[in-house]
Structure formats: C-alpha cells, structure tokens
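Data block below; observations after.
The values are calculated or read from the model by the stated rules, or taken from the named source; none is laboratory data. In this text the structure is predicted, and so the values were computed from the model without any measurement. Virtual Cβ from ideal backbone geometry, glycine too; neighbours counted across all protein chains shown. Protein only, heavy atoms only, side chains kept; ligands, DNA and RNA dropped before computing areas. Shrake-Rupley method; radii C 1.70, N 1.55, O 1.52, S 1.80 Å.
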Amino acid sequence: MSESAVSVSQPAAGAPGGEAAIPPRSDLKDGLGWIALGIAILVGSIRMDRLEEQHINPYTVPGLLPGLLGIAMILLGGILALRSWRRGALKLAIAAPTADEREERRRIWVDVALCMGYAVVLVGHGLPFWLASAIYVSGSMLVLQRLSRDEAERRFTVRGLLKALVIGLGAGIVTSLVFQELFLVRMP
C-alpha cells in the first residue's frame with residue numbers, strides 16, 4: 001500500500017476530525033453519561049408491564065426494544081469510557097474552560113431545561129399532545145435563536161416568530177397524527 005493511501009485513510013494526530021482533536025476526559029464524561037442513560041432506560045424497560053395476563057408473545061412485550069437499546073448504550077458507553085481511560089483521561093490536567101466552551105455548556109443546559117419542561121410540565125397535564133408539542137417546538141426555536149452566536153439571528157422579528165409558530169404547529173400536528181394514526185399509539 002502506498003504512503004499516500006495510508007495518510008488519506010488515517011487522519012494525522014491533531015488534524016481536524018482526528019482522534020487527538022477530542023480530549024480524552026471529554027470522551028470519558030460522554031461514555032459515563034451514555035452508561036447512565038442506558039442503565040436508566042434498561043431499568044425503565046424492565047419495570048414495564050409484561051402483559052402476561054393477556055398472553056402476549058414474549059418477543060413482542062413492551063419494553064423489549066428499549067431494553068435492548070439500553071444494553072447497547074451501556075456497552076458502547078463502556079467502550080468509549082475504556083478507550084478514553086486508556087488515552088490517559090484521568091492523568092491529564094483539567095484545563096479551564098474557554099469562553100466558547102462555557103457558552104456551549106450554557107446552551108446545552110438550556111436545551112435540557114426545555115426538554116424537561118416539555119416532558120414534565122406540558123405533556124400529560126391537560127393540554128392536547130399536539131398543542132403541547134407545538135408550544136415546545138415553537139418555544140425552543142425562539143429561545144435557541146436568542147442564544148445563537150450570530151448577532152443577526154439573535155434579533156427578534158415578527159417573521160421569526162411566525163416561522164417558529166408555523167413550524168411548531170406543523171410539527172405538533174404531524175407528530176400527533178403519525179403516532180395516533182400510523183403507529184396506533186394513544187398520546188397523553
């Protein structure tokens with residue numbers, strides 16, 4: 001194999017997209033996060049009703065697919081954490097976050113708060129599912145637009161508001177119809 005073929009298929013250390021571009025400690029945190037999420041999903045799937053009284057085939061019980069996906073998340077998160085540990089994640093000094101990294105973390109926490117607000121406050125508390133979803137999508141678009149790095153995108157405009165409302169309403173209605181009519185899932 002020629003030297004040029006090897007250099008094309010394997011990025012150099014420190015090159016964009018290369019393995020060295022991602023700090024090992026970041027991969028360790030991500031791996032542990034995936035493991036925790038996988039465990040939560042697996043526990044939730046195990047606790048689901050098996051519908052044994054209805055003589056449901058064990059291969060079609062609720063929770064089987066989420067349980068398998070939870071196991072896959074645990075395994076892949078473990079592989080990611082192990083790889084980062086081997087790359088020295090625990091030996092390297094923790095660098096102070098840059099302003100860009102702090103801003104990125106803030107946006108992630110805002111995303112998490114929006115998702116939790118949707119799941120805990122909007123869904124299942126009297127609002128129709130399509131309306132709760134429309135509010136969530138529209139609100140998320142408007143909030144995240146205000147957190148944009150681009151100064152022009154941060155400005156509030158009537159056009160931006162209408163765009164968020166139309167997309168949110170469309171997403172809420174389409175999601176509700178797909179789940180209720182296509183997948184036959186009764187939405188809260």
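Gly88 is checked against (1) of a type in the set (Gly, Ala, Ser); (2) closer than 30 Å to Ser26 by Cα; (3) under 20 Å from the mean Cα position of the chain (by Cα) and fails just one. What number does that condition carry?
For Gly88, the exception is condition (3).
Against the definition (closer than 30 Å to Arg105 by Cβ and either acidic (Asp, Glu) or in a helix (DSSP H, G or I) (or both)), how does Val174 come out, yes or no? Steps first, please.
Working: closer than 30 Å to Arg105 by Cβ: no; either acidic (Asp, Glu) or in a helix (DSSP H, G or I) (or both): yes.
In short, no.
When region 63-89 is examined, which residues are found to be touching a helix residue (DSSP H, G or I) at 6+ places or on another chain (Cβ under 8 Å) and not aliphatic (A, V, I, L, M)?
Across region 63-89, the qualifying residues are Gly63, Pro66, Gly67, Gly70, Gly77, Gly78, Arg83, Ser84, Trp85, Arg87, Gly88.
Inside region 123-134, can you point out the residues that are in a helix (DSSP H, G or I) and farther than 12 Å from Gly168 by Cβ? Steps first, please.
Of the residues in region 123-134, the ones in a helix (DSSP H, G or I) are 129-134.
Residue satisfying the conditions is Phe129 alone.
Taking Leu69 as the residue in question, decide whether it is touching a residue at least 12 places away in the same chain (Cβ under 8 Å), open to solvent by 80 Å² or more (accessible area, probe 1.4 Å) and over 30 Å from Leu92 (Cα atoms). Walk me through how you get there before you give the answer.
Working: touching a residue at least 12 places away in the same chain (Cβ under 8 Å): yes; open to solvent by 80 Å² or more (accessible area, probe 1.4 Å): yes; over 30 Å from Leu92 (Cα atoms): yes.
When the stated conditions are applied, Leu69 passes them.
Among the residues of region 104-115 satisfying the criterion of being within 15 Å of Val143 (Cβ to Cβ) and without any contact (Cβ under 8 Å) to a residue 24 or more places away in the chain, which is most open to solvent (accessible area, probe 1.4 Å)? Spell out how you get there, then give the answer.
Restricting attention to region 104-115, the residues satisfying the condition of being within 15 Å of Val143 (Cβ to Cβ) are 106-115.
Those left that are additionally without any contact (Cβ under 8 Å) to a residue 24 or more places away in the chain: 108-109, 112-113, 115.
On the way: Ile108: 85, Trp109: 175, Val112: 64, Ala113: 63, Cys115: 65 Å².
Residue satisfying both the conditions and the ranking: Trp109.
Take Gly63 and decide whether it is at pLDDT below 85, open to solvent by less than 60 Å² (accessible area, probe 1.4 Å) and over 30 Å from Val143 (Cβ atoms). Show your work before the answer.
On the way: at pLDDT below 85: yes; open to solvent by less than 60 Å² (accessible area, probe 1.4 Å): yes; over 30 Å from Val143 (Cβ atoms): yes.
Spelling it out, Gly63 is indeed at pLDDT below 85, open to solvent by less than 60 Å² (accessible area, probe 1.4 Å) and over 30 Å from Val143 (Cβ atoms).
With the condition kept exactly as written, say whether any residue in region 93-100 is out of contact with any helix residue (DSSP H, G or I) (no Cβ under 6 Å at 6 or more places or on another chain), surrounded by 13 or more Cβ atoms within 10 Å (Cβ to Cβ) and of a type outside the set (S, T, N, Q).
We begin by selecting, within region 93-100, every residue out of contact with any helix residue (DSSP H, G or I) (no Cβ under 6 Å at 6 or more places or on another chain); these are 93-100.
Still in the list and also surrounded by 13 or more Cβ atoms within 10 Å (Cβ to Cβ): none.
No, region 93-100 contains no residue that is out of contact with any helix residue (DSSP H, G or I) (no Cβ under 6 Å at 6 or more places or on another chain), surrounded by 13 or more Cβ atoms within 10 Å (Cβ to Cβ) and of a type outside the set (S, T, N, Q).
Give the number of residues within region 172-188 that are surrounded by 12 or more Cβ atoms within 10 Å (Cβ to Cβ) and of a type in the set (Phe, Trp, Tyr).
Count: 1.
Being open to solvent by less than 50 Å² (accessible area, probe 1.4 Å) and either acidic (Asp, Glu) or under 30 Å from Arg102 (Cβ atoms) (or both) is the filter here, so list the residues in region 127-171 that pass it.
Initially, region 127-171 is screened for residues open to solvent by less than 50 Å² (accessible area, probe 1.4 Å), giving 129, 132-134, 137-140, 142, 147-148, 160, 164, 168, 170-171.
Val137, Ser138, Gly139, Ser140, Leu142, Leu147, Ser148, Gly160, Ala164, Gly168, listed by residue number.
Restricting attention to region 70-114, report how many residues are more than 21 Å from Arg149 (Cβ to Cβ), of a type outside the set (A, V, I, L, M) and part of a helix (DSSP H, G or I). Steps first, answer last, please.
Kept after step one, since they are more than 21 Å from Arg149 (Cβ to Cβ), are these residues of region 70-114: 70-95.
Subset that is of a type outside the set (A, V, I, L, M): 70, 77-78, 83-88, 91.
Among the residues that remain, those that are also part of a helix (DSSP H, G or I) are: 70, 77-78, 83-86.
Summing the residues that are more than 21 Å from Arg149 (Cβ to Cβ), of a type outside the set (A, V, I, L, M) and part of a helix (DSSP H, G or I) in region 70-114 gives 7.
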